[in-house]
Each structure stands twice: as structure tokens, then as C-alpha cells.
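K.L.:
One structure is given below, represented as C-alpha cells, and several questions about it will come after.
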Amino acid sequence: MADQPQKPGRSPVHQHMAELRARALTCTDCNLSQTRTQVVFGTGNPETPMVLIGEGPGEQEDATGIPFVGRAGKLLDEVLRVNGISRNHVWITNVLKCRAFVVEGGRATNRPPRVEEVSACRQWIEAEIALINPLVIVCVGGPAAKLIIGSAFQSMTRQRGQWFTDTEYAPYVMPILHPAYVLRQHGPAFEEARQLLIDDLRRARDKVRELRRHPPPPRPPKVVQQSLF
């Protein structure tokens, strides 16, 4: 990773990302726009070589407009710091930009995204990736891995920490455990899962360093829908 975080406003990429964010904030392409508090767009350094992608915002993310700020986000920040990485070194985003939830017993509870919601939101995650053109994508949890890796991803249990090199989004893509899953573990199981997170993110960091020394062959750019621009 970079020794020093990038400062915003240094290149056209920052401007283009800000314009993309502004468009996303007004999106009404699915029913989640009717129940959200606000759109939760990606954050971090748009000139980074590494992107982390989760499933979607929860209650605290919906309230703040920032991805991964709840308990799972705090754990993610912690394991990133162990590896010398801050949010200013990477781009952190989600497949969904709006919270998906159901109300049960008078309380809103997160639910898995529906196919039509993922389809409507896909334009934003693809546009983010196209602007950044990362060397490495880390899929945080199974839903993100299914979207980015596709049918080659079958099981987090069997494929966690593996490199996928034939996706259209980045030269190297790795699925890792979601911090929310880690937090549901207890005792030794928690420590083991947390260490897996640390180890996998270290491997992702090291892969970025390797690819900077020995760049991969150029890849054709991902075509983004012209309607976004």
C-alpha cells in the first residue's frame, strides 16, 4: 500500500468520483429509495490499488451515510490497522447503496438484498470499480463475492482467502469473512476467525505490493453504462 494516504482533490479521479456520488445520492431505481435515510456511497481513496466491497449498509451506515461504521466496521478498521492500512489507503464500498430491511415486532432488521435491488444498484458499484481500476478487490462476505466473482464462487467455507484471477473487475479478487460473521463467534472461534481476517488482508496488501513491482498485463477497461454520465 502507499506509505502516505492520498489527499482529496489531487486528480480528476477524485472529481469524477464526487460526480458519481452526487448522481448516486439521487438514485430512485428501486424501492429501497423509499425507505432509506440516505444513500451510503463508497469512501476512502479513489486512487487506491485496493477496493473492499461488502454487501450493503446496516442501521448505523444508513444513519451516517458511511459504509462499515457499526460494530462490524470497527472490527474491519481494527484488522486493517494491524496490517498498517487505514481507510485513507483503500476504497470501501458496498454492493447495495441503500439499507435493505424488514420491520419485525416494531423493529427494523437487516435482510438479504433482493435480485432486483442488486440489479438496480449494480451500475454504481461497476462505475466505482471502473473509475478506480484496482489491482486487488477484496470481497467482504459471500454476497459481494457472488456478484464480483460470479459462478466460480460457490462457498466461503471452501474458497475464503483464495485468489480469483479471471474476473472482469480486477486482476486479483479474494473473498474474505465478513466482520459481522466474526463477531458472532465466541471464545477461541472468535480469535481464530479474527486472525483469518488479519491474515487474508495481509495477503491482499502484499499482493498489491507485488503487483506494483511487477505489473500485470493491461486489461481492457470495464465498460460503464453511458447513462451514468
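K.L.:
Name the residue that is surrounded by the fewest Cβ atoms within 10 Å (Cβ to Cβ), counting only residues in region 78-132 that are among the charged types (D, E, K, R) and within 13 Å of the chain's Cα centre (by Cα).
P.N.:
Checking each candidate, the answer is Arg122.
K.L.:
Test each condition in (1) part of a helix (DSSP H, G or I); (2) closer than 18 Å to Asn45 by Cα for Arg122 and report the one that comes out false.
P.N.:
(2)
K.L.:
On the given criteria, is Phe153 crowded, with 19+ Cβ neighbours inside 10 Å and farther than 22 Å from Leu80 by Cα?
P.N.:
Considered against the rule, which asks whether it is crowded, with 19+ Cβ neighbours inside 10 Å and farther than 22 Å from Leu80 by Cα, Phe153 comes out as yes.
K.L.:
I'd like the residue in region 40-63 that is in contact (Cβ under 8 Å) with a residue 24 or more places away in the chain and surrounded by fewer than 20 Cβ atoms within 10 Å (Cβ to Cβ) and, out of all such residues, is farthest from Pro112 (Cα to Cα).
P.N.:
Glu47
Residues are listed down the side, and each one gets a yes or a no for (1) closer than 23 Å to Val173 by Cβ; (2) not charged (D, E, K, R):
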| position | (1), (2) |
| --- | --- |
| Asp29 | no, no |
| Arg36 | no, no |
| Val39 | no, yes |
| Glu47 | yes, no |
| Glu59 | no, no |
| Lys74 | no, no |
| Asn83 | yes, yes |
| Arg99 | no, no |
| Arg107 | no, no |
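K.L.:
Given the conditions (1) loosely packed, with under 15 Cβ neighbours inside 10 Å; (2) within 30 Å of Thr28 (Cα to Cα); (3) in contact with an Asp or Glu (Cβ under 8 Å, 6 or more places away or on another chain), which single one is not true for Val140?
P.N.:
(1)
K.L.:
Working only within region 28-37, note down all residues that are touching a helix residue (DSSP H, G or I) at 6+ places or on another chain (Cβ under 7 Å) and either farther than 14 Å from Glu116 by Cβ or part of a helix (DSSP H, G or I) (or both).
P.N.:
Listed by number, the residues that qualify are Leu32, Arg36, Thr37.
K.L.:
Please go through (1) closer than 23 Å to Arg21 by Cβ; (2) assigned to a helix (DSSP H, G or I); (3) at pLDDT 95 or above; (4) not hydroxyl-bearing (Ser, Thr, Tyr) for Arg209 and return the number of the only condition it doesn't satisfy.
P.N.:
(1)
K.L.:
Moving on. When you scan region 141-193, how many residues do you find that are assigned to a loop (DSSP other than H, G, I, E, B), at pLDDT below 95 and closer than 19 Å to Gly54 by Cβ?
P.N.:
Counting residues in region 141-193 that are assigned to a loop (DSSP other than H, G, I, E, B), at pLDDT below 95 and closer than 19 Å to Gly54 by Cβ gives 1.
The values are calculated or read from the model by the stated rules, or taken from the named source; none is laboratory data. On a predicted model such as this, the values are computed, not experimentally measured, just so you know. Here the Cβ is made from the backbone with ideal geometry for all residues, glycine too, and neighbour counts use every protein chain on show.
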